[in-house]
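Structure first, commentary second.
Throughout, read-outs are computed from the coordinates displayed, never taken from laboratory work. Everything numeric in this text was worked out from a predicted model, so none of it was measured. Cβ placement follows ideal geometry from the backbone for every residue including glycine, while neighbour counts extend to all protein chains displayed.
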Amino acid sequence: MSFDGYKHIIYEGDTVILYLTITQVYCIKAETKTVNKKGTVVENVFQTPYGALKCGELIGKYYGSKISLSKGWGYVLQPTPELWTITLPHRTQIIYTPDISMIILQLELCPGSTVVESGTGSGSLSHALIRAVKPHGHLYTFDFHEARADTALEEFRDHGLANYVTVNTRDVCENGFGDDLNYKADAVFLDLPHPWLAIPHALNVLKRTGGRLCSFSPCIEQVQRSCLMLLKLGFQEIQTVEVLQTQYGVHQRHLPVLNLDFLKNEKDGSEGEKKEREVQKVVTMIPPPSMPGHTGYLTFATLPPVWARNLQITLNQNDINEAD
Ligand SMILES: C[S@@+](CC[C@H](N)C(=O)[O-])C[C@H]1O[C@@H](n2cnc3c(N)ncnc32)[C@H](O)[C@@H]1O
């Protein structure tokens, strides 16, 4: 519930982030009781590598406080889209924070923007999109998998975000985004296996004044087909990027101090005093030994305002002909 703003105290039903170590972060519900797989109501206990946690005991505690476990301790944190992304229950492949930050920047989203997304998947990106556009903007998210769309809606409600998002069950490649959304969106985001089939429908939802589109695809062949479709429909500023997050190691090193005394000695012909090489302790950054793995390519494009589109289609057609 604190996804919709900062809170001091944990209330019954809140989604809380339990932070144990940098690789052991979990999302839990501050509820005394839960229903187990057999449908029986039981005490809500979360097992951690450092002992069991009775989730009901979190109610009334301050966010950020340290909590004791039988074999260690942890911290209870406010949920954020970033922490949700690393702890959410996966129902599909998801988009991670390095790509998400590039998507929000390049789609030029801000509070008040209207954004259309498909597919919803596990709702990882959706949480970040909602935070970027609320309180006056709106996210319209589409997935043709009914159970995924329903679960995402349940989570948005549970996190107090239902006012900022509309979840639709629909095949956007076959049926588009619906006439109600025509010319309403500032931006469209696609994470689909066949994005080029949804791009013509995206054209209908973007505002008459134009807008931005992004498509996430793991394979370069998907990117090629999407780019051709974007060109054909008059999009411009088409650009594909790959976000590779690189973490530099910070280390202390002993480096020899540069001593040019020998030059002076060479000049006056003397051998000079032989000195111990002086070393100095410095803090340096070291690139990682291996590069992070590929997630996907992000293709961005701008749809020009209606009055400029026909001209742009002609220009793009020349590009396609030249490439042929
Ligand atoms: C990789 S997941 C999206 C993950 C999401 N971006 C996230 O960060 O959690 C792709 C989703 O697109 C949905 N999908 C695939 N084709 C679709 C179509 N034609 N119309 C609507 N949804 C579709 C799938 O059901 C799946 O849930």
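Annotations for the structure displayed:
- Y50 being closer than 15 Å to L77 by Cα, of a type in the set (F, W, Y) and surrounded by fewer than 17 Cβ atoms within 10 Å (Cβ to Cβ): no
- Close pairs from the range 198-221: first without any contact (Cβ under 8 Å) to a residue 24 or more places away in the chain, partner part of a strand (DSSP E or B), Cβ under 6 Å, at least 6 apart: none
- Among strands (runs of 3 or more DSSP E) entirely within the range 1-76, having at least 1 residues that are at negative phi and among the β-branched types (V, I, T) singles out 15-21, 24-29, 33-35, 41-43, 45-48, 66-69.
- Among (1) within 16 Å of the ligand (Cβ to nearest atom); (2) more than 25 Å from K7 (Cα to Cα); (3) over 14 Å from the mean Cα position of the chain (by Cα) - the single one I94 does not satisfy: (3)
- Scope the range 140-155; condition free of Cβ contacts under 8 Å to residues at least 60 places away in the same chain and either surrounded by fewer than 16 Cβ atoms within 10 Å (Cβ to Cβ) or out of contact with any Leu (no Cβ under 9 Å at 6 or more places or on another chain) (or both); matching residues: F142, D143, F144, H145, E146, A147, R148, A149, D150, A152, L153, E154
- Some residue of the range 182-194 being in contact (Cβ under 8 Å) with a residue 12 or more places away in the chain and in a helix (DSSP H, G or I): no
- Some residue of the range 166-174 being more than 21 Å from Q93 (Cβ to Cβ), more than 10 Å from the ligand (Cβ to nearest atom) and surrounded by fewer than 19 Cβ atoms within 10 Å (Cβ to Cβ): yes
- The one condition in (1) part of a loop (DSSP other than H, G, I, E, B); (2) more than 10 Å from the ligand (Cβ to nearest atom) that R131 fails to fulfil: (1)
- R208 more than 17 Å from S126 (Cβ to Cβ) and not in a loop (DSSP other than H, G, I, E, B): no
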